[in-house]
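Only the coordinates and a few stated rules stand behind these numbers; no lab work does. These numbers come from a predicted model, not from an experiment. Cβ placement follows ideal geometry from the backbone for every residue including glycine, while neighbour counts extend to all protein chains displayed.
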There are 2 protein chains.
Amino acid sequence: MNRMPVAERREQLVEAALAVASRDGIEAATVRAVAAEAGVSLGVVHYCFQDKDELLRAMAHAITERNAVQGLDQIPAGLPVETVLEAAIGALWASITGTRGSQLLSYELTTSSLRHPELNQVAAEQYRGQWTTAQQVLEVVGRAGNVRWLVPTEELARVVVAVVDGYSLAWLVDDNAEAALRGLQGFGTYLATLTVPVEGLSDDAVLPVPAGA
Amino acid sequence: MNRMPVAERREQLVEAALAVASRDGIEAATVRAVAAEAGVSLGVVHYCFQDKDELLRAMAHAITERNAVQGLDQIPAGLPVETVLEAAIGALWASITGTRGSQLLSYELTTSSLRHPELNQVAAEQYRGQWTTAQQVLEVVGRAGNVRWLVPTEELARVVVAVVDGYSLAWLVDDNAEAALRGLQGFGTYLATLTVPVEGLSDDAVLPVPAGA
DNA sequence: CATTGACCTGGGCGGTTGTCCAAGTCAAGT
DNA sequence: ACTTGACTTGGACAACCGCCCAGGTCAATG
């Protein structure tokens, strides 16, 4: 096998761990399985990571980062907020149903983190990421729909994450993507009732908007 | 140790498994740990259960049954539906936050079931139970508040379960019970907007109500 | 009292796990 | 060319896992 610096090897191993765990579950992500997936002999893993836990933490960090970067910029602007929400929810749901293994792995990581002290930070970091992402989406949606939220976006973000999490879990169990999407869209129309249109330009002070739009 | 018929021993072992898994996680519920918890030697477990999986299935069945029997009858009647919902949600949330280990175990069982074919039915059964329970609660609430639901309770039940699940998971992670309860009560006021008061007796045909009320 | 059979014991078996380590390999610097 | 040190190898280790089984115990039955 070809040699490479430890930093690069670490990335490769994290990728391999992500592949194994997404496909076969977090329990199947043994040191041996990850090494085999990466095409690397057993010792390499403990040469690059002190622990198996350190590898799992790196994997969790990677999956959290990956979820956060989702396309914020392809939300259409200049449309009614109901339409904007519907489009955003549709895109979000498509990206969820397209990565079933990763979604399931996220829940496995959450429960594992809550049980094992050595993974203590994982779940909290995951949720912080989801909340800030949801908040950013809400603010982008507000600007795109030219509305102001009646409830602080920080509070709303927690609702959104809870509802999306709940529907994702239900979908993983019953495999009924259409019913879940219908429910989510219903939640979207409810969200739309929590907005008021921004009429005058004088309202800009309420919700600070970067000049670069 | 005192002897007992296998049926009774099975119940005791299921109880022990539930105790171990709730306290230390589903991975810690090994055959040895369950036997030790029950104060029984190793072989007894395989004398009462064919598999470890059969023991876990029995444990999952027990926890599902236990969640379903929650007090449906202590919902106050003759009050505005908003008040009824608030009371019901408060009671539900208290029973959730009072059993942290069991809640976490439920999520662990769900993910395990989705990964391992030998536990295939567990998650589905769990969700069927939750949905029907939620539907029953909704109908009781409707009768107690003297209102009719604008959306079929079967559909609404799925929403309720998703939202409660999502908030429970968030609470397990950030341990902020007050924020979660506030969010749930907000969801309750939204639910109240999906009802219309039952005015005339002629409306009884729409929503069949048993004579015994 | 003798016997039967349900129930219990505790050690052993093969397999998998995380971790470690002595030895080997190879590109880069002198 | 040779030395150095980063990187790789593959086997060994103890601990734990689910499962099995030959044998022991004891209440109930004849």
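Between helix B:100-115 and chain B, what is the angle of the helix's C-alpha long axis to the longest principal axis, kept within 0 to 90° and rounded to the nearest 10? The two axes meet at around 80 degrees. Between this copy and the others, label points of A:S41 are 4.6 nm apart in ascending order, each placed 7 angstrom from Cα in the Cβ direction. Among chain A residues, the beta-carbon with the smallest distance to the axis carrying A onto B is reported, with distance in whole Å, as A:G166, 2.
Summing charges over all other residues whose Cβ lies under 12 Å from the Cβ of A:L13, with Lys and Arg as +1 and Asp and Glu as -1, gives -2.
Between B:V6 and B:D174, what length in nm is gained on full extension when 0.36 nm per residue of separation is reduced by their alpha carbon distance?
Taking 0.36 nm per residue and subtracting the Cα distance, the gain is 56.3 nm.
For segment B:71-205, the orientation-averaged shadow of the C-alpha convex hull comes to 8.9 nm² (one quarter of the hull surface). The distance linking segment A:105-167 with segment A:32-47 is 33 Å (Cα centroid to Cα centroid, whole angstrom). Of all alpha-carbon pairs in the protein assembly as shown, indicate the percentage at a distance above 35 angstrom. For the protein assembly as shown, the fraction of Cα-Cα distances above 35 Å is 38 percent. Descending by average beta-carbon neighbour count within 10 Å, the peptides B:179-185, B:74-80, A:49-55 line up as B:179-185, A:49-55, B:74-80, the highest first.
Once fully extended, how much extra length lies between B:E154 and B:N120, figured as 0.36 nm per residue of separation less the alpha-carbon to alpha-carbon distance?
Stretched out fully, the B:E154 to B:N120 stretch lengthens by 9.9 nm.
Counting only DSSP H runs of at least 4 residues, each contributing -39500 (n - 2.57), and dividing by the residue count of chain B, the helix-based mean residue ellipticity at 222 nm comes to -23000 deg cm²/dmol.
Using a 7 Å projection from Cα along Cα-to-Cβ, the label point at B:N146 is separated from the same position in the remaining copies by 4.6 nm, smallest value first.
Per residue of peptide B:154-162, the mean number of Cβ atoms on other chains within 10 Å of the residue Cβ is 5. In chain A, the longest principal axis of the Cα atoms and the axis of helix A:6-24 are about 70 degrees apart.
Simple point charges give the picture: +1 on the Cβ of Lys and Arg, -1 on the Cβ of Asp and Glu, and for the protein assembly as shown a dipole about the Cα centre of about 840 debye.
Under 11 Å from the Cβ of B:A170, count the other residues' Cβ atoms, weight Lys and Arg +1, Asp and Glu -1, and hand me the total.
So the surrounding residues net to -3.
With springs only between Cα atoms under 10 Å apart, run a GNM on chain A and tell me which of A:E27, A:E65, A:E125 wobbles the most. For chain A, modelled as a Gaussian network with Cα springs under 10 Å, the answer is A:E27. Look at the dipole of chain B built from charges on Cβ: of B:V141, B:A180, B:H116, the Cα furthest out on the positive end belongs to B:H116. Relative to the other identical copies, A:A19 shows label-point distances of 4.6 nm, where the label point lies 7 Å from Cα along the Cβ direction and values run shortest first. Averaged over the residues of peptide A:104-116, the number of Cβ atoms from other protein chains lying within 10 Å of each residue's Cβ is 5. Taking R0 as 41 Å, what's the FRET efficiency between A:L79 and B:T99 from their Cβ-Cβ distance, rounded to 0.05? Efficiency, from the Cβ-Cβ distance: 0.35.
Take every pair of alpha-carbon atoms less than 8 Å apart whose residues are at least six positions apart; their mean separation over the length of chain B yields a relative contact order of 20 percent.
Against chain A, whose longest principal axis comes from its Cα atoms, helix A:52-68 is set at around 30 degrees.
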